[in-house]
Each structure stands twice: as C-alpha cells, then as structure tokens.
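Enquirer: Mind looking over this structure? Questions follow.
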Amino acid sequence: MHQNTLPLAYWTLGAQFLRLAHESCIEIVNGGNKYLVTSDKPIAPSAYGQATRWSDHSVGTGVLFSFFHGVELTLKGFLVAGGSRPTHHRLTDLLRDFEAKFPGTDLGDAVRAALPSSGVDSPMGRFLSSNSIQIESWYEALKYPESTKGRPFDHFDLKFGGATALPFWQDLHASSAAIHSKAVALSRRHGYA
C-alpha cells in the first residue's frame, strides 16, 4: 500500500472498531444491561438469550476489545502518517509517541481520558486490579482466557454489572464517538484526509 494511503487505512479500520463499540454500548444501555429475567412462567433459554443479548455478560468483553483496538489503530494511523511503524499494542506507549508528534491535541486528551487505570471504580478498572495487570495488557487480556505464560484471566468484573454499570457503558459510548470525531478533525487539520 502506498505510504500516503496507509494512515487512512489505519483510521478507516479503527473507525469501524470504534463504531462497533459505540453502537454496541448504546444497545447495552438501552437494554438496561440485564442479567436477570423474571417471569411468572418458565423462561426458555432462547427467550433469556434474547432478553440479555445486549448485556455486559453477553458482549461486554468483545465490545471493550473493539473499543481499545479502535483506539490503537487510530493512534497508529497518526504515527504512520508521522513516519513511524509501531508493531506493539501498548496503548500508553502509543499515546506517548502520538503526543510527542502531535502535542496538545483534543484527540490526545480524549484517548488519555478513556484509558482506565487499575483500581479505578469501573468494570475495566476492577478487571485490571483483580488480574493484577495494567491497560498495556488489554490486547491479551480481552482476547484470551489466559496469558501467554498460562496465567488465567478472570473476566468476572466485566460481567453482570447490571444497572450499576450503565454509566460505564454510557461513557464508553461517548468516548468512542469523541475519539473518532477528534481523529477526523486532526487528520483534516494536518491535510491527511
């Protein structure tokens, strides 16, 4: 692929992952993030599956992977445009390198605000804490049930949040849109798109 079009390829692919996260988050929110379904008669497994199809225990981990992968590809697109070719998945390193090339941007601020820390009171913050990992391990931890060293990941903190997790999914919904729109604006400002 021609060097001038490669950043756009990263951004386009990243936009799809961010859009998937954006649209999925609103489905989780609109569905109330159900994990319990009550009825005065027996509920068939298919009916339960239908009632909880948009909930964190059904799709949450996949939605989070999509979001962080979209962030990764967005940052990599700018780094490629700036002459770098990063091959890792470490979001804080990508953000640091991005901010070195594009200091003081709204996009950098939006990405920084969206990266959770271990111990933060959110499903992702609790997930990082309970697994004794940092956000740098997102690519492996949200993709596999165990690390490359055979240590299992416990995904429970990302599931069964119910209504108390709705603000988290609302924030992720907003972050997905904000990161994408700020990336488009920055790419246009620099004449990339």
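Enquirer: With the requirement that a residue be over 15 Å from the mean Cα position of the chain (by Cα) and not polar (S, T, N, Q), what does the range 126-154 give you? First the steps, then the outcome.
Expert: First, pick out the residues of the range 126-154 that are over 15 Å from the mean Cα position of the chain (by Cα): 126, 129-133, 144-154.
Result: R126, I133, Y144, P145, E146, K149, G150, R151, P152, F153, D154.
Enquirer: Hey, among the residues in the range 136-156 that are in contact (Cβ under 8 Å) with a residue 60 or more places away in the chain and surrounded by 15 or more Cβ atoms within 10 Å (Cβ to Cβ), which one's nearest to L73 (Cα to Cα)?
Expert: Looking at the filtered set, the residue picked out is Y139.
Enquirer: Could you check the range 112-135 and list, in sequence order, the residues that are more than 21 Å from T74 (Cα to Cα) and among the hydroxyl-bearing types (S, T, Y)?
Expert: The answer is S118, S122, S129, S130, S132.
Enquirer: Something else about it: Filter the range 110-135 for residues that are closer than 30 Å to H190 by Cα and free of Cβ contacts under 8 Å to residues at least 24 places away in the same chain and give the result.
Expert: Result: R112, P116.
Enquirer: Something else now. Among the residues of the range 26-44, are any under 15 Å from I179 (Cβ atoms) and under 17 Å from the mean Cα position of the chain (by Cα)? Steps first, answer last, please.
Expert: First, pick out the residues of the range 26-44 that are under 15 Å from I179 (Cβ atoms): none.
There is no residue in the range 26-44 that is under 15 Å from I179 (Cβ atoms) and under 17 Å from the mean Cα position of the chain (by Cα).
Enquirer: Could you count how many residues in the range 2-57 are of a type in the set (G, A, S) and closer than 25 Å to L73 by Cα?
Expert: 5
Enquirer: For the range 125-154, how many residues are in contact with a Pro (Cβ under 8 Å, 6 or more places away or on another chain) and either among the basic types (K, R) or under 20 Å from S66 (Cβ atoms) (or both)?
Expert: The number of residues fulfilling the criteria is 5.
Enquirer: While we're looking at this one, here's another question. Among residues belonging to the range 11-69 that are closer than 21 Å to V184 by Cα and charged (D, E, K, R), point out the one that is surrounded by the most Cβ atoms within 10 Å (Cβ to Cβ).
Expert: Restricting to residues being closer than 21 Å to V184 by Cα and charged (D, E, K, R), the top hit is R19.
Enquirer: Which condition number in (1) in contact with a Ser or Thr (Cβ under 9 Å, 6 or more places away or on another chain); (2) closer than 25 Å to G14 by Cα; (3) without any contact (Cβ under 8 Å) to a residue 40 or more places away in the chain; (4) part of a helix (DSSP H, G or I) is the one that A174 fails?
Expert: (1)
Every read-out reported here was derived from the displayed coordinates using simple, explicitly stated rules and does not represent laboratory data. From a predicted model like this one, the values you see are computed outputs, not experimental measurements. Positions of Cβ are backbone-derived with ideal geometry, glycine not excepted, and every protein chain shown enters the neighbour counts.
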